[in-house]
4 protein chains.
Amino acid sequence: MVQAVDADQYYAELEDLNVAPLWRVDESGGARSPDTIRPGVWRWRDLYPRLARATEMMDLETGGERRVLTLINPGMKPLLGTTHTLTTSLQLILPGEVAPAHRHTMAAFRFIIEGQRGYTVVEGEKLPMSPGDLILTPGWTWHDHGSEGEGPMVWLDGLDVPFVRSLKGCVFQDFPGRRAQPLKHAGPDSYEHFGAAGVLPAKNRPRSLYSPLNLYKWEHAYDGLRRMQAAGDEDEYDGTLAEYVNPITGGHVLPTMACYLQLLRAGQHTKARRQTNSTVLFCIRGSGYSVIEGQRYDWADRDILVVPAWAWAEHVVDPGQEALFFRYSDLPVLEPFGLFREEVYRPNDGHQSLADA
Amino acid sequence: MVQAVDADQYYAELEDLNVAPLWRVDESGGARSPDTIRPGVWRWRDLYPRLARATEMMDLETGGERRVLTLINPGMKPLLGTTHTLTTSLQLILPGEVAPAHRHTMAAFRFIIEGQRGYTVVEGEKLPMSPGDLILTPGWTWHDHGSEGEGPMVWLDGLDVPFVRSLKGCVFQDFPGRRAQPLKHAGPDSYEHFGAAGVLPAKNRPRSLYSPLNLYKWEHAYDGLRRMQAAGDEDEYDGTLAEYVNPITGGHVLPTMACYLQLLRAGQHTKARRQTNSTVLFCIRGSGYSVIEGQRYDWADRDILVVPAWAWAEHVVDPGQEALFFRYSDLPVLEPFGLFREEVYRPNDGHQSLADA
Amino acid sequence: MVQAVDADQYYAELEDLNVAPLWRVDESGGARSPDTIRPGVWRWRDLYPRLARATEMMDLETGGERRVLTLINPGMKPLLGTTHTLTTSLQLILPGEVAPAHRHTMAAFRFIIEGQRGYTVVEGEKLPMSPGDLILTPGWTWHDHGSEGEGPMVWLDGLDVPFVRSLKGCVFQDFPGRRAQPLKHAGPDSYEHFGAAGVLPAKNRPRSLYSPLNLYKWEHAYDGLRRMQAAGDEDEYDGTLAEYVNPITGGHVLPTMACYLQLLRAGQHTKARRQTNSTVLFCIRGSGYSVIEGQRYDWADRDILVVPAWAWAEHVVDPGQEALFFRYSDLPVLEPFGLFREEVYRPNDGHQSLADA
Amino acid sequence: MVQAVDADQYYAELEDLNVAPLWRVDESGGARSPDTIRPGVWRWRDLYPRLARATEMMDLETGGERRVLTLINPGMKPLLGTTHTLTTSLQLILPGEVAPAHRHTMAAFRFIIEGQRGYTVVEGEKLPMSPGDLILTPGWTWHDHGSEGEGPMVWLDGLDVPFVRSLKGCVFQDFPGRRAQPLKHAGPDSYEHFGAAGVLPAKNRPRSLYSPLNLYKWEHAYDGLRRMQAAGDEDEYDGTLAEYVNPITGGHVLPTMACYLQLLRAGQHTKARRQTNSTVLFCIRGSGYSVIEGQRYDWADRDILVVPAWAWAEHVVDPGQEALFFRYSDLPVLEPFGLFREEVYRPNDGHQSLADA
């Protein structure tokens, strides 16, 4: 239509004006090409020794605020992130140590893996940590960690850092004096108020965007999961899936992250499915493998499995013992916008072929 | 202004036309005069022998569908009702008896007082009854009762009959064949799915106007109440007040009735208050008296106390032991319309004078 | 089972104790028998002359606060009420008169029938009245009426008195000094803020249980109705039915009453249906008849038709001109409790037989 | 603590394992450093000639689906985006042209700038375009554009592409045959159903995450804005600000974007404020300048002003004539997560100093 030289000049002018011709670029930035976020398994046998050795690499007095190893998805580089919305990390503190108080707009939770007599303080409430407990530190709440036990205290940290970062919303603040915050409650006050089954205080129920309950004890959650399984709450994609909920609303525990316990039977082979949310699974116990986008990923006790958004995924449990997972996802950031979708895998009775022999 | 004889004819014409002149009548029907609904205590020592004797007066095979004594507020006559919105009754069945299945638009619950191995079936789910349990039979759900135990099974029935009746909404239906309904679940299925603390099934959560949980076990509710009290959930009007809630929404268990457990300390004298909702209290244990509109009402174990809407009320617990109540109200029928109000009693440090020496 | 004489004594004792045996009484108070609320038409030709003559019977200075004729359903006696939940009345004021300010917990609206330069003041906002306008005076808002025009100002009053009365919720208060309240806004301020199509103020939107908009102008509502009809919003039960809504929430204008404009085509014969809500229709223009529970009720311009809850009703418009109604119902008091139901009439192609020749 | 060589090896191992030590990296990815998104003004005098000339550069038959120039924020490169969440573009079609139907998960709207007898078809509904109209094409709705007029049709496109892209949610689909979709409605059907002031269809109201109304006509929105201003809806930060709303819910028109009309008085100098949402303003008419982060940006008729998240911004209108803006923001993507915050500028009576002399 026009002379090439004119066109060159035209497009150069557009570039100078910070304008792009949509007929020559892909506005959605590669939406039609495969996504770069990778699935993966991070093995406990790799992570734990390095985490333990980190006690030699840094100390909480002088070296940093948290002794944390965070899982980096290669597809997120140079940014940090386990998926495009979620962060998964492991944290360790030693007896007598204190990870000083701070707060940030990013929401976090802690799923306790091992140790005794550790604690997290959230807004002045001292929450004891025991393996299997879930502890919330919602966005912009002051929190610090410590341990009065005998051995190392280790937990999984889940955060929404990449999501909040994508909204330019990350704000971080140290507690004055870089120390633990003073206690308002010597024990898990929110658990005493809001942690019972079936009843709530008749008055003074907070209406926040996050759960008022900061401690979900292992024994209750696991008992609930077992009872749901016994009552038939089970399907061929997720086995038995219990969600931790805000007792005031029945909703997700945090406005950006949903947390679950999941039980798959010994020998179970789930059907493949893909979802627009991304999911991180921590294997509490059991072993097996998952097939994600045609690749096999083996996992066993305490390994961490990452399933990116819109990746076909199915799980296979080894015979002989069931598999128990703690799992979380970014589903809550999709729902308000109608962006959650899922699709089940139809061919081959719902099972992918493995890409390599 | 006009001749009296003309006026007489004028008003007679209006009457013929089914029209009333608002300047001569009180449209709100006596709203400004004292209400007729009476406070009162129904004593267990009066009720229980008559209820026991009712087994001689009627049998469930031939005499009626339910062996129920219902509390009649004198101010409701000739209609039945314990308050203008609520019904309170006592029900008894003997071992081997069956109260056949029916359903009605009126919602009901059962608070179990004594007996073992009784059960209620709700929509095919068999719910065991133990003292202190709360069982819901929401509006239009099929329900029947039975007992496989050794002694009589006795419980308190709470219903919203007068409210639904005022809306011309009462519909009643017998189960075909006047018998127990077939079981879909041999045990308390809804309790297995929705009865845990802090977790819910990730999928298949019903969104009804009432709680999906049909059984609230005593031990959980009482434990929750105790923990709330220990954590400081207490005030000078209600002591410690725990509400039974819909686990899916955190809302009232039924769209028309809110249910509570309440704990008052030994020797406690609450301050007087009045509310636009009416309240029924069942004394689980303890003794004392209440002052309602200046009159004293004594109560002890298993007595039933009725506090009408907008009646000044305060409670006094005998020294030496605490008082524990199951309590319910019609608060949910007021909230959607902005008709809930309350007022605290200011004079005399919040305590009424007794009307009679 | 027992001796009759014992039984007599037993039942006498129960009566003394204010307890009733449920096997001998109907708890729902006649729910299974036909309801007493009657359908009916109140004719303008009957009402208007009496309303006009009421100016001789009372004056607003000395005789009462409102010059109102209220429609009495014979089935409500001795209580007042047009249905078991709703009140319908006609009100008239003369030029220069003032109906002094008061407020009450009962909600009300005014649908203007005739006159010019009348006004209602609601919470200090002066709302001009023109035929076809809908003016809200929600529960517990101060309101007074006046006229600066030349002839009588006449409107229909809709209230929820019987419903609020059934909840013992009627409270009434005169404005200090028995006079008009002072103005905060010389014009319809809420209409300026919230009355536009498609836009709202970005800030300061009230979140009340009722609409913040106190004036719905005839020309907008009628234009909307016409456009809906043209776009095909029409069915065989209601013709074209437009609901006045709260612009902040899209919900009913008042928490207890829903208001509508309705258009039926010339010659249209709707199909019969019954609903658990009761409905009052004011015929703005047109003529025809309705069949309610097999009885024929003729109506024409400005007549008022009452359709009780659960009464079969269908409408027949005379040939040659359409029928236009303002209509309101108590639907909002049923919805929160799941008590709204409807049923369509199946026999005879949806049309009832007339009971009498 | 440890030998440097050991540390080097340790950190190398972590990198091999795709794990990062949080004490050596900034997890929030530069949250504490200044953001890269730049404020700016795109001038109509620069954009319009290039847009007009684009008709020579591409044609809709063979060259691309849309003739669009999109504003590129330098801080977003290499990705496209006007802010980190929003896209702003200008689109032009010529008489007789058709931009073929497609759909995408990204939501869009069109604010019409000039031309007559253009149209957009959304899900089979043909929406006429006139200057000042707002047309919605919500996520995943089929839409195409055409013109039956005489001159070019030009409008502003607003999309949420960068936000949806950050959630890996971009999906795009061409309508079969790369052509206009068939019409279901020859006119703006949704406007006829849902575009009236104060009334809605009583039945069949869709409950989607976006507004059911696809056309907001200029005359209604502008009239509403004027009336709000006259009624005193005005403050020192935003002048008079009217939000386009979903008539069914009163909420934002799209789940990801809020749209507004804004009026500033002649000579007005607003106070500075910063907000966590980003905002794009299209100057419908008027002239003046804005101070954003201490820099001056001049604007006049049809210029586009971009205010990034958390940038101090204030606006100064030239004397003699008011300024009228169409404005949109990503506020809805922040609200569900509690990430909306704002701060007013306290020093110097709320006005920034200009950074350069």
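The values are calculated or read from the model by the stated rules, or taken from the named source; none is laboratory data. All values reported here derive from a predicted model rather than from experimental measurement. Cβ: placed from backbone, ideal geometry, glycine included. Neighbour counts: every protein chain shown. In case anyone asks, the SASA skips ligands and DNA or RNA and just uses the protein heavy atoms, side chains included. Shrake-Rupley method; radii C 1.70, N 1.55, O 1.52, S 1.80 Å.
If B:Arg66 passes every condition in (1) part of a loop (DSSP other than H, G, I, E, B); (2) in contact with a helix residue (DSSP H, G or I) (Cβ under 7 Å, 6 or more places away or on another chain); (3) open to solvent by 10 Å² or more (accessible area, probe 1.4 Å) but one, which one does it miss?
Going through (1) part of a loop (DSSP other than H, G, I, E, B); (2) in contact with a helix residue (DSSP H, G or I) (Cβ under 7 Å, 6 or more places away or on another chain); (3) open to solvent by 10 Å² or more (accessible area, probe 1.4 Å) one by one, B:Arg66 breaks only (2).
Restricting the search to the stretch D:139-154, which residues are touching an Asp or Glu at 6+ places or on another chain (Cβ under 9 Å) and within 14 Å of another protein chain (Cβ to nearest Cβ)?
Within the stretch D:139-154, D:Gly139, D:Thr141, D:His145 qualify.
Would you pick out the residues in the stretch C:145-194 that are in a loop (DSSP other than H, G, I, E, B), open to solvent by less than 30 Å² (accessible area, probe 1.4 Å) and among the charged types (D, E, K, R)?
C:Asp160
When the residues of the stretch D:55-66 are filtered to those that are touching a strand residue (DSSP E or B) at 6+ places or on another chain (Cβ under 9 Å) and facing chain A (nearest Cβ under 7 Å), which remaining residue is modelled with the highest pLDDT?
Ranking the qualifying residues of the stretch D:55-66, first place goes to D:Arg66.
Return a yes/no flag: does the stretch C:338-356 have any residue that is outside any loop (DSSP other than H, G, I, E, B), hydroxyl-bearing (Ser, Thr, Tyr) and more than 30 Å from B:His252 (Cβ to Cβ).
The answer is no, given that none of the residues of the stretch C:338-356 is outside any loop (DSSP other than H, G, I, E, B), hydroxyl-bearing (Ser, Thr, Tyr) and more than 30 Å from B:His252 (Cβ to Cβ).
Can we say C:Ala20 is modelled with pLDDT of 95 or more, on the phi < 0 side of the Ramachandran plot and in a strand (DSSP E or B)? Break it down into steps so the answer makes sense when it comes.
Details: modelled with pLDDT of 95 or more: no; on the phi < 0 side of the Ramachandran plot: yes; in a strand (DSSP E or B): yes.
Judged against the criteria, C:Ala20 is not a match.
Is it true that A:Gly96 is open to solvent by 30 Å² or more (accessible area, probe 1.4 Å), assigned to a loop (DSSP other than H, G, I, E, B) and among the small types (Gly, Ala, Ser)? Talk me through it step by step, then tell me what you get.
Values: open to solvent by 30 Å² or more (accessible area, probe 1.4 Å): yes; assigned to a loop (DSSP other than H, G, I, E, B): yes; among the small types (Gly, Ala, Ser): yes.
Yes; evaluated as a whole, the condition is true for this residue.
Please indicate, with yes or no, whether at least one residue in the stretch D:320-342 is among the β-branched types (Val, Ile, Thr), in the same structural domain as D:Asp223 (by TED's automatic domain parsing) and touching a strand residue (DSSP E or B) at 6+ places or on another chain (Cβ under 7 Å).
Pass one, the stretch D:320-342, residues among the β-branched types (Val, Ile, Thr): D:333.
So of that shortlist, the ones also in the same structural domain as D:Asp223 (by TED's automatic domain parsing) come out as D:333.
With touching a strand residue (DSSP E or B) at 6+ places or on another chain (Cβ under 7 Å) added as a condition, the list becomes none.
No, that holds for no residue.
Residues of the stretch D:125-144 being in contact (Cβ under 8 Å) with a residue 60 or more places away in the chain and in a strand (DSSP E or B), which ones? It would help to see each step written out before you state the result.
Going residue by residue through the stretch D:125-144, those that are in contact (Cβ under 8 Å) with a residue 60 or more places away in the chain are D:125-128, D:130-139.
Residues satisfying the conditions are D:Glu125, D:Lys126, D:Leu127, D:Pro128, D:Leu134, D:Ile135, D:Leu136, D:Thr137.
Quick one: C:Gly250 ticks every box in (1) under 29 Å from D:Lys184 (Cβ atoms); (2) more than 9 Å from every other protein chain (Cβ to nearest Cβ); (3) surrounded by fewer than 22 Cβ atoms within 10 Å (Cβ to Cβ) except a single one, so which number is it?
Every condition holds for C:Gly250 apart from (2).
Filtering the stretch B:62-81 down to residues that are touching a residue at least 24 places away in the same chain (Cβ under 8 Å) and over 15 Å from the mean Cα position of the chain (by Cα), which residue is farthest from C:Glu15 (Cα to Cα)?
If we take residues in the stretch B:62-81 being touching a residue at least 24 places away in the same chain (Cβ under 8 Å) and over 15 Å from the mean Cα position of the chain (by Cα), then B:Glu65 is farthest from C:Glu15 (Cα to Cα).
The rows are residues; the columns are (1) of a type in the set (Lys, Arg); (2) part of a strand (DSSP E or B); (3) open to solvent by 10 Å² or more (accessible area, probe 1.4 Å).
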| residue | (1), (2), (3) |
| --- | --- |
| C:Gly75 | no, no, yes |
| C:Leu79 | no, no, yes |
| C:His84 | no, no, yes |
| C:Ser89 | no, yes, no |
| C:Arg103 | yes, yes, yes |
| C:Phe109 | no, yes, no |
| C:Ile112 | no, yes, no |
| C:Gln116 | no, no, yes |
| C:Thr120 | no, yes, no |
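Keeping to the stretch B:89-103, report how many residues are more than 9 Å from every other protein chain (Cβ to nearest Cβ) and out of contact with any Gly (no Cβ under 6 Å at 6 or more places or on another chain). If you could, list the steps in order and put the result at the bottom.
Kept after step one, since they are more than 9 Å from every other protein chain (Cβ to nearest Cβ), are these residues of the stretch B:89-103: B:92-103.
Add one more test, that the residue is out of contact with any Gly (no Cβ under 6 Å at 6 or more places or on another chain), and what stays is B:92-94, B:96-97, B:99-103.
So the answer is 10.
Which members of the stretch D:82-130 meet the condition of being at positive phi and within 21 Å of the chain's Cα centre (by Cα)? Explain how you work it out, then say what you get.
We begin by selecting, within the stretch D:82-130, every residue at positive phi; these are D:96, D:115, D:117, D:123-124.
Answer for the stretch D:82-130, where residues must be at positive phi and within 21 Å of the chain's Cα centre (by Cα): just D:Gly115.
So which residues in the stretch B:260-299 are among the hydrophobic types (A, V, I, L, M, F, W, C) and open to solvent by 30 Å² or more (accessible area, probe 1.4 Å), if there are any at all?
So in the stretch B:260-299, the residues among the hydrophobic types (A, V, I, L, M, F, W, C) come out as B:261, B:263-264, B:266, B:272, B:280-284, B:291-292, B:299.
Of everything in the stretch B:260-299, those that are among the hydrophobic types (A, V, I, L, M, F, W, C) and open to solvent by 30 Å² or more (accessible area, probe 1.4 Å) turn out to be B:Ala266, B:Ile284.
Mind counting the residues in the stretch B:225-244 that are out of contact with any Pro (no Cβ under 6 Å at 6 or more places or on another chain) and open to solvent by 10 Å² or more (accessible area, probe 1.4 Å)?
First pass over the stretch B:225-244, keeping only residues out of contact with any Pro (no Cβ under 6 Å at 6 or more places or on another chain): B:225-227, B:229-232, B:234-244.
Narrowing further to those that are open to solvent by 10 Å² or more (accessible area, probe 1.4 Å): B:226-227, B:229-232, B:234-237, B:241.
So the count comes out to 11.
From the set of residues in the stretch C:45-63 that are open to solvent by 50 Å² or more (accessible area, probe 1.4 Å) and not in a helix (DSSP H, G or I), which is nearest to C:Ile112 (Cα to Cα)?
So, considering only residues that are open to solvent by 50 Å² or more (accessible area, probe 1.4 Å) and not in a helix (DSSP H, G or I), the one nearest to C:Ile112 (Cα to Cα) is C:Glu61.
Just name the residue that is nearest to the other protein chains (Cβ to nearest Cβ) out of those in the stretch A:202-224 that are outside any loop (DSSP other than H, G, I, E, B) and crowded, with 23+ Cβ neighbours inside 10 Å.
Our first condition is that a residue be outside any loop (DSSP other than H, G, I, E, B); within the stretch A:202-224, this holds for A:215-216, A:218-224.
If we keep only those that are crowded, with 23+ Cβ neighbours inside 10 Å too, we end up with A:215-216, A:221, A:224.
Values: A:Leu215: 9, A:Tyr216: 5, A:Ala221: 5, A:Gly224: 3 Å.
Going through the qualifying residues, I end up with A:Gly224.
Please go through the stretch C:74-84 and pick out each residue that is at pLDDT 95 or above and facing another protein chain (nearest Cβ under 7 Å).
Within the stretch C:74-84, just C:His84 meets the criteria.
For residues that are open to solvent by 30 Å² or more (accessible area, probe 1.4 Å) and in contact (Cβ under 8 Å) with a residue 60 or more places away in the chain, scanning just the stretch C:302-348, find the one that is farthest from B:Leu209 (Cα to Cα).
Applying the filter and picking the extreme gives C:Arg302.
Could you tell me how many of the residues in the stretch A:23-44 are open to solvent by less than 50 Å² (accessible area, probe 1.4 Å), at the interface with chain D (Cβ under 7 Å from one of its Cβ atoms) and modelled with pLDDT under 85?
Total meeting the criteria: 4.
Being in contact (Cβ under 8 Å) with a residue 24 or more places away in the chain and among the charged types (D, E, K, R) is true for just one of A:Arg110, A:Arg50. Which residue is that? Steps first, answer last, please.
On the way: A:Arg50 fails: in contact (Cβ under 8 Å) with a residue 24 or more places away in the chain.
Of the residues listed, the single one that is in contact (Cβ under 8 Å) with a residue 24 or more places away in the chain and among the charged types (D, E, K, R) is A:Arg110.
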